[in-house]
Amino acid sequence: MKRNAPAKEVPSTDDIKNAGEFCFIVHLDAPDVHAGIIHACPCGCGAQSTSWFKGHGRGRPEWDVTGEWPNATLSPSIGIRTWTTPGGYHWHGYLRNGVFEEC
């Protein structure tokens, strides 16, 4: 069974508790610029992951953003690893039109 979740913006990382909830990371030099998101694992396990937007990853993987939040699309796919999945992904999929969709 696919573990999908709608994207839902919450005010801060302290409020990320449910599948698909996310909070924007702001650029350190420009607080009005979104540099990425911290998001809850779409399966609901409580793990969190970070997706940096193109141009803001500072050497880390980056994603292209199309559309308007919360109905945005990120590409390429998102792979979430946890300590329980050392050899592969715990969750792997896409954020498409505001829904985290598992592959």
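A count restricted to region 62-93 and to residues that are surrounded by fewer than 18 Cβ atoms within 10 Å (Cβ to Cβ), aromatic (Phe, Trp, Tyr) and either assigned to a strand (DSSP E or B) or touching a Leu at 6+ places or on another chain (Cβ under 7 Å) (or both) stands at 0. Number of residues in region 1-38 that are over 18 Å from Asn97 (Cβ atoms) and small (Gly, Ala, Ser) equals 4.
Scanning region 1-24 for residues that are in contact with a strand residue (DSSP E or B) (Cβ under 8 Å, 6 or more places away or on another chain) and among the charged types (D, E, K, R) yields Lys2, Arg3, Lys8, Glu9, Asp15, Lys17, Glu21.
From the list Asn71, Asn18, Asn97, the lone residue that is on the phi > 0 side of the Ramachandran plot and of a type in the set (S, T, N, Q) is Asn97.
Only residues that are in a loop (DSSP other than H, G, I, E, B) and surrounded by 12 or more Cβ atoms within 10 Å (Cβ to Cβ) were counted in region 23-61, giving 10.
Taken together, the values in this text are just the output of simple stated rules run on the coordinates, not laboratory data. No experiment lies behind these values; they were computed from the predicted model shown. In this analysis, Cβ positions are derived from the backbone assuming ideal geometry, glycine residues included, and neighbour counts consider all displayed protein chains.
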